[in-house]
Amino acid sequence: MNVGVIGAGYVGLVTGACFAEFGVNVTCIDTNEGRINLLQKGVVPFYEPGLEELIRKNVNEGRLYFSNNTAESVKKSDVIFIAVGTPSLEDGSADLSYVDSVARTIAENLNGYKVIVTKSTVPVGTGERLRNIIQDIRNDGDFDIVSNPEFLREGSAIGDFMRPDRIVIGSGSERATSVMRDLYRPLYLIETPFITTDVETAEMIKYASNVFLAAKISFINEMANLCEKVGANVQVVSKAMGLDKRIGPKFLHAGPGYGGSCFPKDVRALLQIAESHGYDFKIARSVIEVNITQKDRMITKIEHALRGAGGKTIGILGLSFKPNTNDIRESPAVHIIEGLLDIGANIRVYDPVAMDDTKSVLGQRVTYCSDAYDAASNADAIILVTEWNQFRNLQLERLKGLLKHPVFIDLRNVYEPDRMRKSGFDYYSVGRS
């Protein structure tokens, strides 16, 4: 079986490399010639643990290829995954222009039966939209449309693909479903649950999953804010909640809010889908509002701790929206930094992998440092925003000696308050006294 993956971004590259590891011949296709040239040299244009090694292995073993010739790749592929971007438009809806363009290219190059699979996160009805675009161009085309949403977490995407919680296959064709089951056959051996449904339901599953997880984050952040007011400890609250099997412990960690490429975009898109069908999705709207407010509350927390941040020098630890990725899209850290810059603070920053990406957004408005201790040098406070492992066991005495004032603001609740205060820090966290 030959597989084509159109879109050599995060989802496309992980999908292509992992299918190649399953023993399938895969071509990853992208119109960005520079990106394809880098990939052919074994260079991955973003940070994802283990991906570069997996790509290099499968290229060397002759199962993984890269091309910018979409037409030729479509012709030689039996299964074509669409993994292009669907960014948010101004009204929150998903921009499907890239998906539509791919559909037209596929239609123009149909040369036999194809299974056309949406991996991109797309609104309900996109499968039918693709069918109509292709049929308008090739009304004699032999193809089926499948929705196969991805559930890849940045920083652990390979493990998520190889050991998934579930595989969702949305299709109205037994023939296409059989092809998809054959493609994912290695996962049957580890008893992965398969959900087989119609295209529309599969499209909705992705949004439902992401919005629910975002809602858990916003909920626990609201609880953290209330805990601060009543003197309770949100970490103990969330631990006790998580032990209830109906709730579970994941995504119940208080902090500065969610970011990244999925949750913000998908919550907005689901809200827009609801609005377009005349439904006021109050929970989704509240999730967005709480998340925006939470990021702003962190700026207020910092101002309070410093008795005003204007003219102060502040060290920031972590720029990516979560550890093990260089993705800074809608990162709480970037939002907080921009807020602090607006009130006249001087900012020193460090992140293990996201510095170059941050420069494209913040430019020279901040000072880029060589490590956590450099970020703390002569600063009035140090703020832990992204919980990279290397920030979990800092040399506290060294850190305190570098700071002008021993102010440590821990927005991820990594450290224990008693320990930090005994070490001589003015310590602040989220949802704990």
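The values are calculated or read from the model by the stated rules, or taken from the named source; none is laboratory data. Quick caveat: nothing in here was measured; it's all calculated off a predicted structure. Cβ sites come from the backbone with ideal geometry, for glycine too, and all protein chains shown count toward neighbours.
Would you say residue 340 is outside any helix (DSSP H, G or I) and buried (at least 24 other Cβ atoms within 10 Å of the Cβ)?
So residue 340 fails the test.
Would you pick out the residues in the stretch 375-398 that are crowded, with 21+ Cβ neighbours inside 10 Å and farther than 22 Å from residue 334 by Cβ?
None - no residue of the stretch 375-398 is crowded, with 21+ Cβ neighbours inside 10 Å and farther than 22 Å from residue 334 by Cβ, so the list stays empty.
Taking helices (runs of 4 or more DSSP H) that fall entirely within the stretch 364-433, which contain at least 1 residues that are in contact with a helix residue (DSSP H, G or I) (Cβ under 7 Å, 6 or more places away or on another chain) and either farther than 14 Å from residue 317 by Cα or assigned by TED's automatic domain parsing to the domain that holds residue 220 (or both)?
Helices (runs of 4 or more DSSP H) meeting the threshold: 372-376, 396-402.
Which is buried (at least 18 other Cβ atoms within 10 Å of the Cβ), on the phi < 0 side of the Ramachandran plot and not in a loop (DSSP other than H, G, I, E, B), of 347, 328, 292?
347
Using the structure shown, decide if residue 176 is surrounded by 18 or more Cβ atoms within 10 Å (Cβ to Cβ) and touching a strand residue (DSSP E or B) at 6+ places or on another chain (Cβ under 8 Å).
For residue 176, the condition - surrounded by 18 or more Cβ atoms within 10 Å (Cβ to Cβ) and touching a strand residue (DSSP E or B) at 6+ places or on another chain (Cβ under 8 Å) - is met.
Is it true that residue 99 is assigned to a helix (DSSP H, G or I), under 18 Å from residue 10 (Cβ atoms) and within 20 Å of the chain's Cα centre (by Cα)?
yes
Counting just the residues of the stretch 262-282 that are part of a loop (DSSP other than H, G, I, E, B) and under 18 Å from residue 126 (Cβ atoms), which one comes out nearest to the chain's Cα centre (by Cα)?
Going through the qualifying residues, I end up with 262.
I want to confirm something. Restricting to the stretch 109-119 and keeping residues that are outside any strand (DSSP E or B) and touching a Phe, Trp or Tyr at 6+ places or on another chain (Cβ under 8 Å), which single residue is nearest to residue 169 (Cα to Cα)?
Per the criteria, the residue is 119.
Among the candidates 190, 195, single out the residue that is touching a Lys or Arg at 6+ places or on another chain (Cβ under 6 Å) and touching a residue at least 24 places away in the same chain (Cβ under 8 Å).
195
Test each condition in (1) closer than 23 Å to residue 209 by Cα; (2) in contact with a helix residue (DSSP H, G or I) (Cβ under 7 Å, 6 or more places away or on another chain); (3) among the charged types (D, E, K, R) for residue 129 and report the one that comes out false.
(2)
Please indicate, with yes or no, whether at least one residue in the stretch 24-45 is touching a Pro at 6+ places or on another chain (Cβ under 8 Å) and not in a helix (DSSP H, G or I).
No: the stretch 24-45 contains no residue that is touching a Pro at 6+ places or on another chain (Cβ under 8 Å) and not in a helix (DSSP H, G or I).
Would you mention how many residues in the stretch 120-134 are under 28 Å from the mean Cα position of the chain (by Cα) and either assigned to a strand (DSSP E or B) or not small (Gly, Ala, Ser) (or both)?
First pass over the stretch 120-134, keeping only residues under 28 Å from the mean Cα position of the chain (by Cα): 120-130.
Keeping just the survivors that are either assigned to a strand (DSSP E or B) or not small (Gly, Ala, Ser) (or both) gives 121-124, 126, 128-130.
Summing the residues that are under 28 Å from the mean Cα position of the chain (by Cα) and either assigned to a strand (DSSP E or B) or not small (Gly, Ala, Ser) (or both) in the stretch 120-134 gives 8.
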